[in-house]
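Read the structure below first, then the notes.
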Amino acid sequence: MVVTPPPQPSMNLLEPTRVDLSIFFPVCLATSADVPHIHKMVYQMAVFEKLTHLCTAIESSLTATLLTLLP
């Protein structure tokens, strides 16, 4: 059996890469209308990581956590 070495990367990952692309987007506070979307995103991340058995988030707990005003 012949073992060949892995291919060399096409770019040097140790050298800084110049990126001339600026991306700006607004960040705002979550509202009650956002909670179902956030819940779906959290669950989809659990599915991706194969951790759905550990995902205990429910919309009411997210609402309490995200929308409760701090003193």
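At-a-glance table
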read-out	value
Cβ-Cβ under 6 Å pairs, at least 6 apart or on other chains, the stretch 47-71 side of a type in the set (Gly, Ala, Ser), far side surrounded by 11 or more Cβ atoms within 10 Å (Cβ to Cβ) and part of a helix (DSSP H, G or I)	Ala57/Val42
Residue count for the stretch 25-45, restricted to those that are under 13 Å from Leu67 (Cα atoms), in a helix (DSSP H, G or I) and β-branched (Val, Ile, Thr)	2
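Throughout, read-outs are computed from the coordinates displayed, never taken from laboratory work. Since the structure is predicted, the reported quantities are computational estimates derived from the model, not experimental observations. Please note: Cβ atoms are built from the backbone with ideal geometry, for glycine as well, and neighbour counts cover all protein chains shown.
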